[in-house]
Amino acid sequence: MTRMDQRKSKLVVEFSDCVRERGRLREVTMEFSPYGIHVRLKGMRQGFDVSPASVYNLAVSKFVTAKRAEKKARKQK
């Protein structure tokens with residue numbers, strides 16, 4: 001696996017997940033760089049920069065919340 005800071009080509013990923021924006025369904029596009037992730041919707045100019053650490057923290061938070069909800073549901077039975 002190549003580290004992001006050693007890549008020579010640009011890495012752009014287009015997901016099949018869609019978001020409704022300005023009356024149309026638009027695919028989510030992510031452009032990866034060694035310094036972060038640029039997220040935008042296909043066909044739109046505006047995008048947002050996200051750090052990989054914030055993506056990781058969000059994933060951990062969602063995992064913990066799901067585990068707590070599962071544990072709470074088991075207790076209520």
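Values for this structure:
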{"quantity": "Cα-based helix-to-principal-axis angle, 52-76 vs the chain, degrees rounded to 10", "calculated": "20"}
{"quantity": "The chain, accessible area per residue, ligands and nucleic acids excluded (1.4 Å, Å²)", "calculated": "91"}
{"quantity": "Positive-end residue, the chain charge dipole about Cα centroid, Cβ charges, pick of Met1, Thr65, Thr29", "calculated": "Thr65"}
{"quantity": "The chain, dipole about Cα centre (Lys/Arg Cβ +1, Asp/Glu Cβ -1), debye to the nearest 20", "calculated": "540"}
{"quantity": "Segments 48-59, 33-44, 64-75 sorted - mean Cβ within 10 Å per residue, highest first", "calculated": "33-44, 48-59, 64-75"}
{"quantity": "Histogram of C-alpha separations across the chain, 10 Å bin width, %", "calculated": "16, 32, 29, 17, 6, 0"}
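The values are calculated or read from the model by the stated rules, or taken from the named source; none is laboratory data. Remember, it's a predicted structure, so these values are computed and weren't measured experimentally. Because the Cβ atoms are built from the backbone with ideal geometry, glycine has one as well, and the counts that use them run over all protein chains shown. Ligands, DNA and RNA are excluded from the accessible area calculation, which covers all protein heavy atoms including side chains. Shrake-Rupley method; radii C 1.70, N 1.55, O 1.52, S 1.80 Å.
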